[in-house]
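In what follows, a structure is listed as structure tokens, so that the remarks can point back to it.
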Amino acid sequence: MKKVFRILLKIFAALGHLVTVLRATLSLLIFAIVVALVITLCLVDHQRPIDSGTILTLKLQGNISEEKRANPPFAGLVREMAADDEESGDIVLQDVIDVIDAAAKDRKIAAIVLKTSNLGNAGIDQLHRIGLALESFKKTGRQVIAADDWYSQKQYYLASFADTVIVNPMGTVMLHGFGSYPLYFQEALEKLRIHFHVFKVGTYKSATEPLTRNDMSDEARRQDKEWLSSLWQTFSGEIEQRRGLPQGGLQSFIDQMAVTMRVAKGDAAKMAKDAKLADKIFTREETLAYLKKLGNLTADGELKSVSFKEYLSRLILSYQKQDDQPGQIGIIVAEGQIVAGRRAQKGIACDALAATIRSARKNNNIRAVVLRINSGGGSAFASEIIRQELLQLRKSGKKLLVSMGPVAASGAYWLAADADQIWAAPTTLTGSIGIFGAVPTFEDSLAALGVHSDGVGTSDLAAGLNLTRELPPVLAESIQLSVENGYRRFIDIVAEGRKMTPAAVEGIAEGRVYSGRDAQKLGLVDKLGGLDEAIAAAADMCGLKQYRAVYIKQKTSIRQQFLALFHAYETGDIAAILGWFTDSPALAAVFGPNQPLALDDPNHCYALTLASSPLR
């Protein structure tokens, strides 16, 4: 009896302790929420009226993205407390365009000052769309001034849309052309005794070359040269036209840089001005004095200005307002690596995207969908899951158009092939129709450390895909056959979707990458243009004279965000864990642009390209 009584006492004591812990935790959580609210209220910027003669400072700080990701719960607060007001891990492309378009209609805005010194990742197509908006602003008779100390290649491309380009006396314009220089790991993998078993189809499918070679193959070198040359021709030609330079002037400037630098006596800013790449050489104080002549001043002699962030907060953003009115064009964004499942850190989770497409199909107000893609592909299985949902959308009678961003290749083209119409920018990287498999095993690496795997099973495959053991020959053969089947399926999908013969598709496939302009000539793309043109085409295909375009997004609940955090903890996803608390550009720079391939395809088959924007 005493023993039972002691047990009951222990149980009640444990329950009491649990209640105490829960009460303390709840109290701490409530306190944290109250503190966060107080700090947030203290940091809230109260909008002030915009006076006539105000300069809009278009400070682009962060990566250009197609869609704003759901903010991590504490990211905004951390950024407000620890960072610049303008700092953000992502700048939504459409937000920038909305700000410029609104400024063009706002006569209180005297001019736009473009500042790009902290511009992160961006594609030529994205920068071109911003540039077109700046051109429209200039047509109102007001000026766009690019005012930075120096310009990288991508920064200068955008600056070339300005009426005046200002560079610091100690600054420069760094133009160097386009290149692709991957790292190759064959020798390192051999030294580490890591076996990477690679399975592929396609002579030009070079995504696996870094694992199997120490240098670039002749085929990869040839195809990279082709698409790089195509993009450079468009990029340099546009700058030459805007700056009034002769054809080939930019290439000549790069090739003769040592000579022109000698003439300028080592003064890079003077060299840029002599080459007509810059208009003014000003110190920061001289730049401010120049801008004061364009705008009005406050009572204490300061320039009247409004930041990009503040001006954006005043606007009703494009494509955001959803209602119950019929005749809508839905916009769905697919950006990042394509992976299986419902969760992806800055990627395309196939189940989540499929659910978004399904919601558009079931919404009777949506007449057509424009799928905006910026992706180099990923899992073949995940790509097919999304494609199957897109086919259901078309079977429902709704039109499907694809608008390609900077990159829409490999698995991303798998998604696009069945669309009623495909739009791309001349500089879009697309194609890369090919499949590969990659499986690492570490049996020799572990053996060198004195770790060995042994055991028994009911078959040669009983251990499954055990990375600590040698890959069984029967499994290796099965993966190769699966890759070959996936390639044939890819060819058939493109052939059926693009109304081509399989033989014709094979002639342009094998992993080849094309610019949007070349892809149109080959029949892989229908029209050249951006998102706005694709939306207008969708409305026209539906016979809509009046229409509204709206983003269709999957809402992420707090519960889902917590589950994502736990998933990140389980998988060791450091970027996702830190991203829960901050979305700073520094974190994005470390973890974002070069995320490793997510090896989550059930058949170990991947449709992925390493080709990416050559802007640096």
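The values are calculated or read from the model by the stated rules, or taken from the named source; none is laboratory data. Predicted model only: the values in this text are computed from it and were never measured. Virtual Cβ from ideal backbone geometry, glycine too; neighbours counted across all protein chains shown.
If you check 185, 161, 196, which single one turns out to be crowded, with 21+ Cβ neighbours inside 10 Å and in contact (Cβ under 8 Å) with a residue 12 or more places away in the chain?
Exactly one residue qualifies, and that residue is 161.
Have a look at 270, 265 and point out the one that is of a type in the set (Lys, Arg), at pLDDT 90 or above, buried (at least 18 other Cβ atoms within 10 Å of the Cβ) and more than 23 Å from residue 613 (Cα to Cα).
270
Of all strands (runs of 3 or more DSSP E) completely enclosed by the range 327-385, which ones contain at least 2 residues that are of a type in the set (Lys, Arg)?
Strands (runs of 3 or more DSSP E) meeting the threshold: 366-375.
With more than 20 Å from residue 390 (Cα to Cα), surrounded by fewer than 18 Cβ atoms within 10 Å (Cβ to Cβ) and in the same structural domain as residue 435 (by TED's automatic domain parsing) as the only criterion, which of 519, 509, 503 stands out?
503
In the range 200-222, what residues are touching a strand residue (DSSP E or B) at 6+ places or on another chain (Cβ under 6 Å) and either modelled with pLDDT of 90 or more or part of a helix (DSSP H, G or I) (or both)?
Correct list: 207, 208, 211, 212.
Collect the residues in the range 528-546 that are in contact with a helix residue (DSSP H, G or I) (Cβ under 7 Å, 6 or more places away or on another chain) and either of a type in the set (Gly, Ala, Ser) or outside the structural domain of residue 370 (by TED's automatic domain parsing) (or both), keeping them in residue-number order.
Hit for the range 528-546 is 530, nothing else.
Evaluate the range 281-293: report whether one residue or more is surrounded by 13 or more Cβ atoms within 10 Å (Cβ to Cβ), in contact with a Ser or Thr (Cβ under 9 Å, 6 or more places away or on another chain) and either hydroxyl-bearing (Ser, Thr, Tyr) or touching a residue at least 40 places away in the same chain (Cβ under 8 Å) (or both).
Yes, that holds for at least one residue.
Of the conditions (1) closer than 20 Å to residue 92 by Cα; (2) in the same structural domain as residue 486 (by TED's automatic domain parsing), residue 318 clears all except one; give me its number.
Only one criterion is unmet by residue 318, namely (2).
Have a look at 343, 367 and point out the one that is in the same structural domain as residue 547 (by TED's automatic domain parsing), under 18 Å from residue 551 (Cα atoms), touching a residue at least 60 places away in the same chain (Cβ under 8 Å) and among the charged types (D, E, K, R).
So the residue among 343, 367 that is in the same structural domain as residue 547 (by TED's automatic domain parsing), under 18 Å from residue 551 (Cα atoms), touching a residue at least 60 places away in the same chain (Cβ under 8 Å) and among the charged types (D, E, K, R) is 367.
For the condition in a helix (DSSP H, G or I) and touching a Lys or Arg at 6+ places or on another chain (Cβ under 9 Å), what is the one hit in 321, 273?
Sole residue among the options that is in a helix (DSSP H, G or I) and touching a Lys or Arg at 6+ places or on another chain (Cβ under 9 Å): 273.
Can you confirm whether the range 118-135 contains a residue that is among the hydrophobic types (A, V, I, L, M, F, W, C) and more than 24 Å from the chain's Cα centre (by Cα)?
no
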